[in-house]
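Visitor: One structure coming up, written as C-alpha cells, with questions to follow.
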Amino acid sequence: MTAKDQRYVLLMAKRNRFKTLPVLHEEYNCGRKIKEQVCETVLRNSLAKNALNGRVAAKKPLLRSANIKKRLAFAKAHVDWSEKQWSRVLFTDESKFEFFGNKRRIYVRRFANERFKNYCLKPTVKHGGGSVMVWGGICVRGVTRLKLIVGKMDSSAYKTILQYNVLPDGVRLLGKGFILQQDNDPKHKEKRVMRYLTNKENDGTIKNMIWPPQSPDLNPIEQIWDHLDTSVRRICRLTSRNFFEQLQNCWHSISRKTLKKYVFSMRDRCLAVIAAKGGHTRF
C-alpha cells in the first residue's frame, strides 16, 4: 500500500470507529482492480502502524447536551472545594452484588494446554446464581450501615432508608448539617422524598447537594463498590447463605485511609470533567 492508500484506510476507520476489519477490507477493495486489492492482514498492519488498534469499547452512560452542561457547571462550582468541605459530604448509592457472578476479567497462571483444566477455570452459573441489592453511604470518617434491599426498591422504600439509615448514620458520622449526596434516580426525586429532604434541610439536619445527571464517574462510592466486591471474592468459603453477612464484614473493614483516598479525589474528578468539557472521564 502506498502512503496515500494508508491515509485513506486510516480516514475510513476514523469516520466510524466501530467498523470491523472485514467491513473495512470490503469497502477498501470495492471497485479496485484485482492487482490493487489487498488482504485483511495488510489492512490490519497499516492501522497498527498508525496506532489505531481494535480495543474493547468503554461503557458509559449516554450524555445529552443538557447533561453535559450540568456536569460542567457542577465541576466548575466544586473544583476549588477544600478537603474540609468534602469531609462534610456523605456519598450514597445502591449496588447489586451477584453470588458467583464477576464481570471483571479474572487472570490465571497456566500453561498453553491447561486452558480447560478444572484448576484453571472460573466456575459460572446462570444469572449469577442469585444476587443481593444493598444501599450504603461513605464519608471520610467511616461507612454507614449496609442496608439489604428486599423486594422492589421504590420511593416508599427509599424514604424509609432515608429515615432510618441515611439521616441517623449521617449525623452519627458527620454531625448535624452534613451534606447529602444522592444521584438523580427517579425514586430519589419523587415528590414525597423531596418534601421530606426539604423539611430536613429546613430544620438544619442536612444540606442537599445538587448532583448532575449521568455522573457515576463523579461519585467516589462507585470505586468503593468495586473495592467491596474484590474484598468479598477473596473469601474462600463464600455461599449464598452467608453472602450478605460477608459483604457487611468487608464493608465495615474498609479503612479510613481508603475512604479518604477516594473522597479526596473529588478535585481530580472535577478537573477531569472540566478538561473533557462536561464529557466522560477516566474515573
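Visitor: Has the stretch 251-261 got any residue that is within 29 Å of Arg88 (Cβ to Cβ), touching a helix residue (DSSP H, G or I) at 6+ places or on another chain (Cβ under 8 Å) and in a loop (DSSP other than H, G, I, E, B)? Write out each step before concluding.
Guide: From the stretch 251-261, those within 29 Å of Arg88 (Cβ to Cβ) are 251-261; that's our starting set.
If we keep only those that are touching a helix residue (DSSP H, G or I) at 6+ places or on another chain (Cβ under 8 Å) as well, we get 251, 253-254, 258-259.
Filter again for in a loop (DSSP other than H, G, I, E, B), leaving 253-254.
Scanning the stretch 251-261 turns up at least one residue that is within 29 Å of Arg88 (Cβ to Cβ), touching a helix residue (DSSP H, G or I) at 6+ places or on another chain (Cβ under 8 Å) and in a loop (DSSP other than H, G, I, E, B).
Visitor: Restricting to the stretch 71-88, what's the tally of residues that are in a helix (DSSP H, G or I) and either of a type in the set (S, T, N, Q) or under 23 Å from the mean Cα position of the chain (by Cα) (or both)? Explain how you work it out, then say what you get.
Guide: First, pick out the residues of the stretch 71-88 that are in a helix (DSSP H, G or I): 71-78, 83-86.
Now narrow it down to the ones that are either of a type in the set (S, T, N, Q) or under 23 Å from the mean Cα position of the chain (by Cα) (or both): 71-78, 83, 85-86.
Counting residues in the stretch 71-88 that are in a helix (DSSP H, G or I) and either of a type in the set (S, T, N, Q) or under 23 Å from the mean Cα position of the chain (by Cα) (or both) gives 11.
Visitor: Would you point out the residue of the stretch 93-124, among those that are at pLDDT 75 or above and among the polar types (S, T, N, Q), that is surrounded by the fewest Cβ atoms within 10 Å (Cβ to Cβ)?
Guide: So, considering only residues that are at pLDDT 75 or above and among the polar types (S, T, N, Q), the one surrounded by the fewest Cβ atoms within 10 Å (Cβ to Cβ) is Asn113.
Visitor: I would also like to ask the following. Show the residue pairs meeting these rules: Cβ distance below 9 Å; 6+ apart or different chains; first residue within the stretch 9-24 and more than 17 Å from Lys49 (Cα to Cα); second residue surrounded by fewer than 14 Cβ atoms within 10 Å (Cβ to Cβ) and among the polar types (S, T, N, Q).
Guide: Once the first residue is more than 17 Å from Lys49 (Cα to Cα) and sits in the stretch 9-24, its partners that are surrounded by fewer than 14 Cβ atoms within 10 Å (Cβ to Cβ) and among the polar types (S, T, N, Q) give Val23/Asn16.
Visitor: Okay, next question. Restrict the check to the stretch 186-199 and report whether at least one residue is on the phi > 0 side of the Ramachandran plot and outside any helix (DSSP H, G or I).
Guide: Taking the stretch 186-199 as the starting set, the residues that turn out to be on the phi > 0 side of the Ramachandran plot are none.
No, because not a single residue in the stretch 186-199 is on the phi > 0 side of the Ramachandran plot and outside any helix (DSSP H, G or I).
Visitor: If only one of Thr230, Thr160, Thr239 is in a loop (DSSP other than H, G, I, E, B), closer than 23 Å to Ser131 by Cα and polar (S, T, N, Q), which one is it? Walk me through how you get there before you give the answer.
Guide: Working: Thr230 fails: in a loop (DSSP other than H, G, I, E, B); Thr160 fails: in a loop (DSSP other than H, G, I, E, B).
Answer to the check: Thr239.
Visitor: Ok, one more. With (1) among the aliphatic types (A, V, I, L, M); (2) out of contact with any Gly (no Cβ under 8 Å at 6 or more places or on another chain); (3) without any contact (Cβ under 8 Å) to a residue 40 or more places away in the chain as the list, and Ala157 as the residue in question, which single condition is left unmet?
Guide: Going through (1) among the aliphatic types (A, V, I, L, M); (2) out of contact with any Gly (no Cβ under 8 Å at 6 or more places or on another chain); (3) without any contact (Cβ under 8 Å) to a residue 40 or more places away in the chain one by one, Ala157 breaks only (2).
Visitor: Let me confirm something: among Arg7, Arg88, Arg64, which residue is surrounded by 10 or more Cβ atoms within 10 Å (Cβ to Cβ), under 30 Å from Gly177 (Cβ atoms) and not polar (S, T, N, Q)? I'd like the intermediate steps shown before the answer.
Guide: On the way: Arg7 fails: under 30 Å from Gly177 (Cβ atoms); Arg64 fails: under 30 Å from Gly177 (Cβ atoms).
Checking each option against the conditions leaves just Arg88.
Visitor: Taking into account only those residues within the stretch 262-283 that are part of a helix (DSSP H, G or I) and of a type in the set (A, V, I, L, M), which is surrounded by the fewest Cβ atoms within 10 Å (Cβ to Cβ)?
Guide: If we take residues in the stretch 262-283 being part of a helix (DSSP H, G or I) and of a type in the set (A, V, I, L, M), then Ala275 is surrounded by the fewest Cβ atoms within 10 Å (Cβ to Cβ).
Visitor: Right, here's the next one. Taking the stated definitions as given, is Thr258 surrounded by fewer than 16 Cβ atoms within 10 Å (Cβ to Cβ) and hydroxyl-bearing (Ser, Thr, Tyr)?
Guide: Yes: the conditions hold for Thr258.
Visitor: Still on this structure, I have one more. For Ser240, are the conditions met, namely being touching a Gly at 6+ places or on another chain (Cβ under 8 Å) and over 29 Å from Glu83 (Cβ atoms)?
Guide: Working: touching a Gly at 6+ places or on another chain (Cβ under 8 Å): yes; over 29 Å from Glu83 (Cβ atoms): yes.
Judged against the criteria, Ser240 is a match.
Visitor: Name the residue, out of Val273, Val263, that is touching a Ser or Thr at 6+ places or on another chain (Cβ under 8 Å), farther than 24 Å from Gly177 by Cβ and not hydroxyl-bearing (Ser, Thr, Tyr). Walk me through it before giving the result.
Guide: Working: Val263 fails: farther than 24 Å from Gly177 by Cβ.
Criteria check complete, one pass: Val273.
Visitor: Then there is this: Given the conditions (1) farther than 20 Å from Trp86 by Cβ; (2) in a strand (DSSP E or B); (3) of a type in the set (A, V, I, L, M), which single one is not true for Ile179?
Guide: (1)
The values are calculated or read from the model by the stated rules, or taken from the named source; none is laboratory data. Note that the coordinates shown come from a computational prediction; the quantities given were computed from them, not determined experimentally. Virtual Cβ from ideal backbone geometry, glycine too; neighbours counted across all protein chains shown.
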